[in-house]
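Working notes, beginning with the structure itself.
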Amino acid sequence: MNILEQYVYAKRNAFGYAIQLLFVCLLAGCNQQTIEQVSGPTMGTSYQVKYIAVDGVSQPEVAQRVDAVLADINQRMSTYISTSELMQFNQAPTEEVFKLSNDIVTLVALSQEISEMSGGRYDVTVGPLVNLWGFGPDKRPTTVPSDQALAEAFAKVGYHYVKADKQASTLLKEKPVFVDLSSIAKGYAVDKVADALDTMGISSYLVEVGGELKIKGEKAAGVPWRIGIEEPVLGQRKASAAIEAPGKGIATSGDYRNYYEIDGQRFSHTINPLTGHPITHKLASVTVVHPSVAMADGLATMLMVVGYPEGMTLAKEHDLAAYFIVKEEEGFASYASPAFQPYLATDAREE
């Protein structure tokens, strides 16, 4: 082995937690081709693109194109920009048919597919509950929210109150819900950056936005891009498994870094939209592989709410490639769904 390259990225979702992914090249010859890189801030997090250089395409050209794609998505979908298209919809009256960019409507419709798949445990309107528990812009509570406070927050939650018409490219809300696409938009941004690289003739790359990834081609002749999934142990960097998924998107959702305690009870940032309470199960993280990074992003969040073993049942039922890391009395146990098995480069415990 001549080279061991290890890159560590922080995965940040809208609620502020971090999960680390290790990008590892374990084979010789990784330096035989020129790997170029562009990176920067975006969507409240950061991005990084590594790619094999091609003739006629300069690094500044790639950087400019990537920045333009990400700036456009952020400008239209951010909930922190009051004039964004999505915020204009959120601020619009109920029962008003609102015209938006087709990709925003498509993402809302995609999120609703995931909501239906999970029986409502994934919901892009869950923001009021997240804020109530202190994982949004509001301050953290000093006591557990009351039943009345929960009821008031629930009155503003419900994905089924948003009607998406993809053909007309419109949304309509039947009650004053607030749509936040942060659990799916970063994955979509990765998809669009990958599309941009394809149109530039770049055929081998790794794109990462806030921890969501897409890889294509090889890092060098016969050497794949290999992704390490970190075991969720604070203060340590230990890979639970390594995967190879050329042409696929990869997303991870986790629970172990962003939480607080009240009177000795731990409260997770991951909120179950059906109960209004933080999750209490032992699932520490879940990684999903899917052709669409947007879909992988949403599915990972959904499975994190569902937990294990029910999440494995859903993964099998819908043929989802999912890798679960579960906290046990002594350490962690890892479980790969049947659809995930082909991507494993190292052993994982089978269900």
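Quick notes
- Label-to-label distance, residue 72 versus residue 46, with points set 7 angstrom from Cα along the beta-carbon direction: 2.6 nm.
- Karplus-derived 3J(HN,Hα), 6.51/-1.76/1.60, for each residue of the range 90-97, Hz, glycine and proline x: 4, 8, 6, x, 5, 6, 9, 6
- Only Lys, Arg, Asp and Glu carry charge here, each on its Cβ (+1 for the first two, -1 for the last two); on that basis the range 47-93 has a dipole of about 120 debye about its Cα centre.
- Pairs from 50/186; 186/219; 163/248; 99/156; 186/216 whose Cα-Cα separation, in the structure shown, is over 28 Å: 163/248
- Distance between the modelled labels on residue 58 and residue 218, one decimal in nanometres: 3.1 nm (7 Å Cα→Cβ projection).
- DSSP-assigned coil residues among GluC sites (Glu not before Pro) in the range 33-142, each with at most 14 further Cβ atoms within 10 Å: 95, 96
Values in this text are rule-based calculations from the coordinates and carry no lab data. On a predicted model such as this, the values are computed, not experimentally measured, just so you know. Ideal geometry is used to build each Cβ from the backbone, glycine not excepted, and the neighbour counts take in all protein chains shown.
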